[in-house]
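The values are calculated or read from the model by the stated rules, or taken from the named source; none is laboratory data. All of these numbers come straight from a predicted model, not from anything done at the bench. Cβ placement follows ideal geometry from the backbone for every residue including glycine, while neighbour counts extend to all protein chains displayed.
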Amino acid sequence: MGEITLFQGDITALEVDAIVNAANDHLWMGGGVAGAIKRKGGVEIEQEAVRQGPVEIGESVVTGAGSLPAHYVIHAAVMGQDLQTDAVKVRRATRSALRRAREFGIASVALPALGTGVGGFPLTEAARIMIEEARRHLADKTSVRRITFSLFDREAYDAFERELEQ
């Protein structure tokens, strides 16, 4: 079984095999985590993602990571063009991202708090769902050895820390 860790800061700076982008179903990269990935990793990440879309909400695609320290970006479609999400979409997107990590033989993956930015999904509920899915994934046969939740601010970090301690 692998480990779940928390990191407060910029997901684009992490040296992991893959980072997860909180994507929309058309995979274009606007603001938030997606915007940071595109700015720091290069527009080719978005171009490669868009060529694979659109996808069903809850599904994910994998691209290269451009100039980021990670090797891959997993684009998990947690919302549609209305930029709204819910518990089912967050769960499906988390599960899909971790499944893609396993399919690509990825050992370390970092996820943001999916849907909590532009999507407006509650942090505490995202933490509960995402940590449940991480634990479930690590209990199965998987290449993934470390799942890091990369939380941008203290409020998000605290929400995930409380859930992880339970």
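Observations, loosely collected:
- Only residues that are surrounded by fewer than 17 Cβ atoms within 10 Å (Cβ to Cβ) and on the phi < 0 side of the Ramachandran plot were counted across the range 29-52, and they come to 10.
- Within the range 45-67, tally of residues that are in contact with a strand residue (DSSP E or B) (Cβ under 7 Å, 6 or more places away or on another chain) and either of a type in the set (K, R) or part of a helix (DSSP H, G or I) (or both): 3
- Of the numbered criteria (1) surrounded by fewer than 21 Cβ atoms within 10 Å (Cβ to Cβ); (2) among the acidic types (D, E); (3) within 17 Å of L6 (Cα to Cα), the one E133 fails is (1).
- Hey, T116 among the polar types (S, T, N, Q), within 22 Å of T85 (Cα to Cα) and out of contact with any Phe, Trp or Tyr (no Cβ under 9 Å at 6 or more places or on another chain) or not: yes
- Residue list for the range 72-85, restricted to those being part of a loop (DSSP other than H, G, I, E, B) and either among the small types (G, A, S) or under 11 Å from I19 (Cα atoms) (or both): G80
- Single residue of the range 27-44 satisfying the filter (in a loop (DSSP other than H, G, I, E, B) and out of contact with any helix residue (DSSP H, G or I) (no Cβ under 7 Å at 6 or more places or on another chain)) that is nearest to S67 (Cα to Cα): G42
- Matching residues, the range 153-166, being under 22 Å from A18 (Cα atoms) and of a type in the set (A, V, I, L, M, F, W, C): A156, F160, L164
- Every residue from the range 129-152 that is within 17 Å of A22 (Cα to Cα) and either assigned to a helix (DSSP H, G or I) or modelled with pLDDT of 95 or more (or both): I129, M130, I131, E133, A134, I147, T148, F149, S150, L151
- Residues that are assigned to a loop (DSSP other than H, G, I, E, B) and either within 22 Å of F121 (Cβ to Cβ) or aromatic (F, W, Y) (or both) within the range 1-13 comprise G9, D10, listed in sequence order.
- Selection from the range 86-105 of residues that are in contact with a helix residue (DSSP H, G or I) (Cβ under 8 Å, 6 or more places away or on another chain) and either β-branched (V, I, T) or part of a loop (DSSP other than H, G, I, E, B) (or both): V90, T94
- From the options G119, G115, residue that is at negative phi and touching a residue at least 24 places away in the same chain (Cβ under 8 Å): G119
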